[in-house]
Every structure is written in C-alpha cells, then in structure tokens.
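Asks: My questions all concern the structure below.
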C-alpha cells in the first residue's frame, strides 16, 4: 500500500518536471497536458493517503472536488475556487490532447506552469497536514 502511494507521488512530480522541460523546448501543448497529469496524480495520491484508495477517473475536476470533500481544508477550497478556470482548461487540454488537434501558445503554457507551482504548494501543504 505504501509503495503504491509513493509511485503516485513520484510520477506526479515527474510530470511537473516534464512540463517544465516541454516549456523550455517550446512544446506548449504538452505543458498543459503534463501539468494536468501532475495535478491529477497528486490529487489521487492525497486521496489515497486519506482513504486508502482513489476514484478511477481522469476528471481533474472530480478528483479535486472529492479531495475538497474529504479534506475540508480552507486552503484547498480557496485554491479550487480561485483557479476553477485553469482547472477546467487543464481538463479540456487533457481530453483534446487525445482526440482533437488543439494548440496552446506560450502565454497559456506559462500561466499553466505558474498555476502548477501554486498547486504544488497547496498539495505539499495538504501532504504535511495529513
């Protein structure tokens, strides 16, 4: 059980590093995809720590809502409410990366990375306070 959660956390962080490398290469579409994967896996990791399991879904919105419901932390509610548009954009980027030829520019990719850094702070705070 412990090993499973460690894999989720390690992979989440690896996706964030991939997003940064994507940005440096100018692969802006992949930045959004990898930021979404980072947050999706980190949310699953935190749910796993709290519940011993997590929903088998790829919906970032659902995962974060579930995490809000389980953790009931003001920092998470505030983060979610203030970043709902970016969360929805990332979920859309994940879906379109698989099915539609959608492109994103440098400005959106930069904002996604800035969001990811804020998300990491919140996720690490939740991890420390679990």
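Asks: Name the one entry in 66, 29 that is over 13 Å from the mean Cα position of the chain (by Cα), in a helix (DSSP H, G or I), surrounded by 16 or more Cβ atoms within 10 Å (Cβ to Cβ) and in contact (Cβ under 8 Å) with a residue 24 or more places away in the chain. Break it down into steps so the answer makes sense when it comes.
Replies: Numbers: 66 fails: in contact (Cβ under 8 Å) with a residue 24 or more places away in the chain.
Only one candidate qualifies: 29.
One line per residue, one yes/no per condition, for (1) modelled with pLDDT under 95; (2) in a helix (DSSP H, G or I); (3) buried (at least 22 other Cβ atoms within 10 Å of the Cβ); (4) within 10 Å of the chain's Cα centre (by Cα):
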residue: 3; (1), (2), (3), (4): yes, yes, no, no
residue: 10; (1), (2), (3), (4): no, yes, no, no
residue: 20; (1), (2), (3), (4): no, yes, no, no
residue: 23; (1), (2), (3), (4): no, yes, no, no
residue: 45; (1), (2), (3), (4): no, yes, yes, no
residue: 55; (1), (2), (3), (4): yes, no, no, no
residue: 58; (1), (2), (3), (4): yes, no, no, no
residue: 62; (1), (2), (3), (4): no, yes, no, no
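Asks: Ok, one more. Looking only at segment 82-130, filter to residues that are under 21 Å from residue 24 (Cα atoms) and not in a helix (DSSP H, G or I); which one of those is nearest to the chain's Cα centre (by Cα)?
Replies: Once the filter is applied, the top-ranked residue is 104.
The values are calculated or read from the model by the stated rules, or taken from the named source; none is laboratory data. Computed from a predicted model, the values in this text were never measured in an experiment. Note: ideal-geometry Cβ built from the backbone for every residue, glycine included; neighbour counts use all protein chains shown.
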